[in-house]
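As structure tokens, the structure follows; a few thoughts come after it.
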Amino acid sequence: MVTQLEIRRGRRSGVGTAAVVLAGLALLAACGGGGAGDDKPHVPPTATGSLEQLATKAHCKPNIQTDAQELRQANCMTGDGRYVLATFATDRGQREWINEANDYGGSYLVGRKWVAVGEANVVAALRGRLGGTVETASPHHHSGSGGSGGSEGGHSGHHAS
């Protein structure tokens, strides 16, 4: 689950330990480790299916932004808020996408070969419909020059604002 993903990421950079700690805290919070009784709503089994099937379960009419064999991505808007829903052809493709997206921070609802990205409250509401595991990442700010990846700030799916 989250810890395996974070352990794999830990090999890539020195922020692995912090990411594991953050992921652990996010997992505890998502499991109702704090206060109110409604923090622990019924969580259904993790949903599976195509982007359209997942969107239907999430009560969203998907606005498809990327429609490629390896990645399908859509913007969604529901009464809970705006989020991005992405499906992947492979587990590896999903893992790589999450690793890159984590650099931007945010809250992620993760299922098998799919991810929903949005504000923490939106992700929590989606979890009640799609199941899955909540991951939270802090943005990693790099000091110094802008370096490579000048276009990365515009990647859709990395920010939900």
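Structure notes:
- Derived scalar couplings between HN and Hα for the range 86-91 equal 10, 10, 10, 6, 9, 5 Hz in order, rounded to whole Hz, by the Karplus curve 6.51 cos²θ - 1.76 cosθ + 1.60 (θ = phi - 60°), x for Gly and Pro.
- Å² of accessible area per residue within the range 32-131, as computed with a 1.4 Å probe and no ligands counted: 50
- Working note: Debye formula, equal point scatterers on the alpha-carbon atoms of the range 80-131, no solvent; log10 I(q)/I(0) at q = 0.14 Å⁻¹ is -0.32.
The values are calculated or read from the model by the stated rules, or taken from the named source; none is laboratory data. A quick note: this is a predicted structure, and the numbers were derived from the prediction, not measured. In case anyone asks, the SASA skips ligands and DNA or RNA and just uses the protein heavy atoms, side chains included. Shrake-Rupley method; radii C 1.70, N 1.55, O 1.52, S 1.80 Å.
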